[in-house]
Amino acid sequence: MRIVVNDIAAEKGGALTVLESFYNYIRNNDTENEYIFILSGNYIEETDRIKVLIKDDVKKSGLHKMWFDFVSGSRFIESLKPDYVLSLQNIITFGVRCRQGVYVHQSIPFQKVKRFSLLKGSERGTAIIQQFIGSIIKKSVRRADDVFVQTDWMRENVAELSRVDINKATTVPFEIELPDDNEIVTKCPTNSFFYPATAESIYKNHNVIYEAIDILNAEEIHDFKVKLTLPKDIPAKRENIEHCGMLDKAKLYDEYRNNILLFPSYIETIGLPLMEARSVNSVIFAADCQYSREVLSGYSNAYFFETFNTTELAELMKAAIQGQITLNLDNYTYDNGIGWKVLIDRIVE
């Protein structure tokens with residue numbers, strides 16, 4: 001079976017993580033199907049069964065991307081004579097005349113926490129994704145033969161808000177790449193915290209951390225540090241904050257092991273750091289949202305606070321600083337699931 005994979009949008013962050021994860025799975029596990037990837041750069045290696053076509057011109061602008069998705073892309077893809085077309089970038093290529101699936105990992109149009117305003121400068125970019133790009137994604141979901149999502153909450157919301165039968169959507173549990181040593185945490189840190197978010201997007205909710213720090217400082221609690229993966233050359237907004245910049249995988253997992261994970265973001269599909277921190281048995285303080293409840297279900301070292309309640313977060317941090325939170329090591333296991341196999345099985349059925 002010849003499967004064409006369209007992922008021109010992937011170049012960094014979560015989109016690139018999805019591409020690499022899918023590629024690693026099929027390279028190591030699928031010996032029967034042929035794959036042709038359409039990408040914007042050399043992000044993966046070719047093999048006997050995996051070919052890569054670079055279409056960097058499509059990324060010149062948003063209009064170039066839309067032209068490919070709605071007009072020229074179908075002719076290009078059909079010239080490859082696919083049996084199936086899989087889009088890993090939330091939107092199908094319209095006009096393709098064969099079975100087509102779409103992998104939806106953009107959660108902004110499907111969350112119900114907040115409707116963003118086009119009139120507010122701080123919200124405008126997110127509002128465009130929610131209201132305009134979101135409408136294209138929903139149209140794409142209706143046109144696709146198969147829809148793949150990472151979590152059950154996304155499956156339910158995508159089906160409901162796109163007005164499609166829920167049986168059209170399949171949950172594909174996301175697999176993380178575990179560290180080689182897989183060393184787990186055996187003792188809860190007390191005065192060190194960590195929040196990996198590469199940008200201060202409004203929904204990443206950094207303000208709840210800043211205000212929690214202010215509450216602790218007002219109570220004369222100063223002996224603690226919060227590390228953020230924001231650029232080192234940007235001044236930290238509080239004395240208790242350290243900007244450590246982007247981290248490679250080894251350093252990232254070191255931070256999970258040596259800090260309590262703070263995760264106040266209220267819009268995520270899965271919240272990858274939650275899965276990563278859980279895999280090494282870290283203590284986690286997370287915003288109480290659909291995605292975090294699902295990803296952390298059954299995990300005894302997770303604590304939840306109301307998303308915008310700075311006092312609740314401050315109280316959790318205070319409890320940790322004072323040594324009142326202990327690490328549960330009983331029957332620790334981490335199940336990474338079967339992930340991409342579910343998607344491949346659906347395609348070839």
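Quick check on my filter: what residues within the stretch 178-195 are part of a loop (DSSP other than H, G, I, E, B) and modelled with pLDDT of 95 or more?
Initial filter on the stretch 178-195 (part of a loop (DSSP other than H, G, I, E, B)): 178-191.
Passing the criteria: none in range.
Please find, among VAL141, VAL158, VAL185, the residue that is under 17 Å from the mean Cα position of the chain (by Cα) and either in the same structural domain as LEU272 (by TED's automatic domain parsing) or among the β-branched types (Val, Ile, Thr) (or both). Full working, then the answer.
Working: VAL141 fails: under 17 Å from the mean Cα position of the chain (by Cα); VAL185 fails: under 17 Å from the mean Cα position of the chain (by Cα).
Matching residue, one of VAL141, VAL158, VAL185: VAL158.
Might you check whether a residue that is part of a loop (DSSP other than H, G, I, E, B) and surrounded by 19 or more Cβ atoms within 10 Å (Cβ to Cβ) occurs anywhere in the stretch 329-341?
Pass one, the stretch 329-341, residues part of a loop (DSSP other than H, G, I, E, B): 329-339.
From the residues that got through so far, the ones that are surrounded by 19 or more Cβ atoms within 10 Å (Cβ to Cβ) too are none.
No, because not a single residue in the stretch 329-341 is part of a loop (DSSP other than H, G, I, E, B) and surrounded by 19 or more Cβ atoms within 10 Å (Cβ to Cβ).
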Kindly indicate which of SER140, SER79 is small (Gly, Ala, Ser) and either surrounded by fewer than 17 Cβ atoms within 10 Å (Cβ to Cβ) or at positive phi (or both).
-> SER79
Selected residue (only one of ARG155, ARG99, ARG142 is in contact with a Ser or Thr (Cβ under 7 Å, 6 or more places away or on another chain), basic (Lys, Arg) and closer than 23 Å to LEU19 by Cβ) = ARG155
State the number of residues belonging to the stretch 109-133 that are surrounded by fewer than 23 Cβ atoms within 10 Å (Cβ to Cβ), of a type in the set (A, V, I, L, M, F, W, C), under 20 Å from the mean Cα position of the chain (by Cα) and closer than 22 Å to VAL164 by Cα.
-> 3
What single numbered condition from (1) surrounded by 17 or more Cβ atoms within 10 Å (Cβ to Cβ); (2) over 19 Å from GLN106 (Cα atoms) fails to hold for TRP67?
-> (1)
Being farther than 28 Å from GLY245 by Cα and either among the aliphatic types (A, V, I, L, M) or surrounded by fewer than 15 Cβ atoms within 10 Å (Cβ to Cβ) (or both) is the filter here, so list the residues in the stretch 3-26 that pass it.
-> ILE3, VAL4, VAL5, ILE26
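Name the residues in the stretch 239-297 that are part of a loop (DSSP other than H, G, I, E, B), without any contact (Cβ under 8 Å) to a residue 24 or more places away in the chain and farther than 26 Å from GLN324 by Cα, would you?
Residues of the stretch 239-297 part of a loop (DSSP other than H, G, I, E, B): 239-240, 244-248, 259, 264-271, 280-283, 288-289, 296-297.
Within this subset, residues satisfying the condition of being without any contact (Cβ under 8 Å) to a residue 24 or more places away in the chain are 239, 244-245, 248, 288, 296-297.
Matches in the stretch 239-297: CYS244, GLY245, ASP248.
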Return yes or no: is PRO189 crowded, with 22+ Cβ neighbours inside 10 Å and not β-branched (Val, Ile, Thr)?
-> no
Any idea which of VAL147, VAL158 is in contact (Cβ under 8 Å) with a residue 24 or more places away in the chain and in a strand (DSSP E or B)?
-> VAL147
Could you please let me know if ALA197 is under 29 Å from ASN24 (Cβ atoms) and among the small types (Gly, Ala, Ser)?
-> yes
Is at least one residue of the stretch 229-248 closer than 24 Å to THR151 by Cβ, more than 19 Å from the chain's Cα centre (by Cα) and modelled with pLDDT under 95?
-> no
GLY101 versus (1) of a type in the set (Gly, Ala, Ser); (2) at pLDDT 90 or above; (3) surrounded by fewer than 18 Cβ atoms within 10 Å (Cβ to Cβ): which is the lone unmet condition?
-> (3)
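The values are calculated or read from the model by the stated rules, or taken from the named source; none is laboratory data. As the structure is a computational prediction, the values presented were derived from the model and not from experiment. Neighbour counts are summed over all protein chains in view; Cβ atoms, including those assigned to glycine, are modelled from backbone coordinates with ideal geometry.
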